[in-house]
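This report concerns only the one structure given below.
The values are calculated or read from the model by the stated rules, or taken from the named source; none is laboratory data. It should be emphasised that the depicted structure is a prediction, and the values quoted were computed from it without experimental measurement. Note that we place each Cβ from the backbone using ideal geometry, even for glycine, and neighbour counts take in every protein chain shown.
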């Protein structure tokens, strides 16, 4: 057993989401969104390097020493997988590990609305799961892929950097591909996927123009594509996808996206106020014909109104979801206010002036 595994077991026992190991500091874990120090010696650079390199693949050590940054996944069988990121900072090496549960939660176990699970059964199109870093996008995607894996008889390809949740083939055949190990880039893997008889393609992140273009193209040519984007609302997601392209191509991509888009799920994670744990608020946009027309006609600013009137399709605004969590007593008024889109709606709930002076 590697020496660092003791930290992972401590992290797992305390239901922590992240482990921070930094040269010149004590180790720390993030519990319910807050950093807590571990009672342990301050780690110096050489000590930490030995600790980390024991579990790092040789080619990743070489990459890290050449570039100062590296991502990979580490697994302790029977416990969990961990997404690792190493980086150099002023006082030496540092690392952050995010725990990825070995058991994949179903949409029902996550408390997702029924419409989210139904997305797994779509015949084709583009489904985007969005939100800030650490908002649970990978967990949501994994639950949808798990739903498809159990209920469909298809070929699923996942493309990630690194591989996070590992699915065992059930009714579907699943192939996991990791950027940097099994393929050169997201774009290269997507180009290859179109010749590999896929029904469902999961893209860990649409991070550049080429990957975005290929994902949209795959969705418009009969495949079901799931991907993540770092945006905070359905409107911003649609605009971001279009704005990635040069201005001369935006009219064409707007039309292609309107045809291919099926849904956008935007999520924000909260620390529970009533118990240990966390919960998630969701904005759900379903691409009805009316929504697609708004995208084609450059009227995305009208999408929130369409979501508000589209509850029968399973649509919901993020602020409505946040208000529901607050009404249940699950989150505090302060957290609701800070993460809401329409701050004025939540301001009357505050006992004191807002802590975010930029929103005053």
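From 337, 313, grab the single residue that is in contact with a strand residue (DSSP E or B) (Cβ under 8 Å, 6 or more places away or on another chain), in contact (Cβ under 8 Å) with a residue 12 or more places away in the chain and either crowded, with 19+ Cβ neighbours inside 10 Å or in the same structural domain as residue 125 (by TED's automatic domain parsing) (or both).
Of 337, 313, the one residue that is in contact with a strand residue (DSSP E or B) (Cβ under 8 Å, 6 or more places away or on another chain), in contact (Cβ under 8 Å) with a residue 12 or more places away in the chain and either crowded, with 19+ Cβ neighbours inside 10 Å or in the same structural domain as residue 125 (by TED's automatic domain parsing) (or both) is 313.
Within the stretch 159-178, is there a residue that is assigned by TED's automatic domain parsing to the domain that holds residue 214, closer than 24 Å to residue 287 by Cβ and in contact (Cβ under 8 Å) with a residue 40 or more places away in the chain?
yes
What is the residue count in the stretch 132-169 for residues that are in a loop (DSSP other than H, G, I, E, B) and in contact with a helix residue (DSSP H, G or I) (Cβ under 6 Å, 6 or more places away or on another chain)?
So the answer is 3.
Of the conditions (1) modelled with pLDDT of 95 or more; (2) more than 26 Å from residue 31 (Cβ to Cβ); (3) within 20 Å of the chain's Cα centre (by Cα), residue 293 clears all except one; give me its number.
Unmet for residue 293, out of (1) modelled with pLDDT of 95 or more; (2) more than 26 Å from residue 31 (Cβ to Cβ); (3) within 20 Å of the chain's Cα centre (by Cα): (3).
Kindly check whether there is at least one residue in the stretch 319-329 that is part of a helix (DSSP H, G or I) and over 24 Å from the mean Cα position of the chain (by Cα).
Looking for residues that are part of a helix (DSSP H, G or I) and over 24 Å from the mean Cα position of the chain (by Cα), one finds at least one in the stretch 319-329, hence yes.
If you check residue 146 against the conditions, is it touching a strand residue (DSSP E or B) at 6+ places or on another chain (Cβ under 7 Å) and either within 27 Å of residue 269 (Cβ to Cβ) or in the same structural domain as residue 267 (by TED's automatic domain parsing) (or both)?
For residue 146, the condition - touching a strand residue (DSSP E or B) at 6+ places or on another chain (Cβ under 7 Å) and either within 27 Å of residue 269 (Cβ to Cβ) or in the same structural domain as residue 267 (by TED's automatic domain parsing) (or both) - is not met.
Residue 117 versus (1) within 30 Å of residue 325 (Cα to Cα); (2) in a loop (DSSP other than H, G, I, E, B); (3) out of contact with any strand residue (DSSP E or B) (no Cβ under 9 Å at 6 or more places or on another chain): which is the lone unmet condition?
Condition (2) is where residue 117 drops out.
On the basis of being part of a strand (DSSP E or B), in contact (Cβ under 8 Å) with a residue 60 or more places away in the chain and either assigned by TED's automatic domain parsing to the domain that holds residue 221 or under 17 Å from residue 200 (Cβ atoms) (or both), does residue 127 make the cut?
The answer is yes for residue 127.
Being farther than 29 Å from residue 76 by Cα, over 16 Å from the mean Cα position of the chain (by Cα) and surrounded by fewer than 18 Cβ atoms within 10 Å (Cβ to Cβ) is true for just one of 215, 219, 188. Which residue is that?
Exactly one of 215, 219, 188 is farther than 29 Å from residue 76 by Cα, over 16 Å from the mean Cα position of the chain (by Cα) and surrounded by fewer than 18 Cβ atoms within 10 Å (Cβ to Cβ), namely 188.
Output the number of the condition that residue 106 fails; it satisfies all remaining conditions of (1) in contact with a strand residue (DSSP E or B) (Cβ under 8 Å, 6 or more places away or on another chain); (2) without any contact (Cβ under 8 Å) to a residue 60 or more places away in the chain; (3) within 30 Å of residue 288 (Cα to Cα).
Single failed check for residue 106: (1).
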